[in-house]
Amino acid sequence: MPPHAAEPPHATPAGPPAGRVPGAAAHDERLWPGPFGWFLAVAAAGLLTVALVPVHPGLAAAVGAVALVGALAFAVVTSPRVRVHDGELTAGRARIPLDLLGDARALDREETRAALGPGLDARAYVCLRAWAGTAVRVEVRDPQDPTPYWLVSTRRPAELAAALHPAEPARDR
């Protein structure tokens, strides 16, 4: 290759913008239980073990170990994933294309509590975990879908709301 065709030493290869990996999710979180939830799982297995010690110590240890593994597995399996990826919002097992979504609004603890109480529409899709005190409410614009909005628990509501409308300029949600 002739010397004039070589890239200058200060050139950088073309690629995605810094901090953005192609195919990466715009938002991805797992709603794991908080420390108290993990403590309860371990405590329940411990209580079962202690209760069975008078019957047979070996049986108590075996049942306690199985109970611990079962409780931890239950906590993992029931922790939904909230993800915005490939033009789609996934909350638990439910999925919806982003182009069918309207306004997304981040809710603080008080707003989430109100949205789940007197402000809740029975037709809304709710992906709720009590240990994640904040949420995002996102309107559904699909005329064929009777669901008026989704209410999705998240520990990072501002990030999720922003990921749902990445092309929009920053605004107060």
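Set side by side, the residues Ala114, Ala132, Ala124, Ala62 differ, and just one is assigned by the TED database to the domain that holds Phe39 and either open to solvent by less than 80 Å² (accessible area, probe 1.4 Å) or touching a helix residue (DSSP H, G or I) at 6+ places or on another chain (Cβ under 6 Å) (or both), which is Ala62.
Against the numbered list (1) surrounded by 15 or more Cβ atoms within 10 Å (Cβ to Cβ); (2) out of contact with any Ser or Thr (no Cβ under 6 Å at 6 or more places or on another chain), Phe39 comes up short only at (1).
Set side by side, the residues Ala91, Ala73 differ, and just one is assigned by the TED database to the domain that holds Thr49 and within 20 Å of Trp32 (Cα to Cα), which is Ala73. Taking segment 42-155 and the strands (runs of 3 or more DSSP E) fully enclosed by it, the elements with 2 or more residues that are without any contact (Cβ under 8 Å) to a residue 24 or more places away in the chain are at 88-91, 94-97. Scanning for something at pLDDT 90 or above and surrounded by fewer than 12 Cβ atoms within 10 Å (Cβ to Cβ), does segment 5-24 turn up at least one residue? Looking through segment 5-24, none of the residues is at pLDDT 90 or above and surrounded by fewer than 12 Cβ atoms within 10 Å (Cβ to Cβ).
The values are calculated or read from the model by the stated rules, or taken from the named source; none is laboratory data. Because the structure is predicted, anything quoted here is derived from the model rather than measured. As a convention, Cβ positions derive from the backbone with ideal geometry for all residues, glycine included, and neighbour counts pool all protein chains shown. Ligands, DNA and RNA are excluded from the accessible area calculation, which covers all protein heavy atoms including side chains. Shrake-Rupley method; radii C 1.70, N 1.55, O 1.52, S 1.80 Å.
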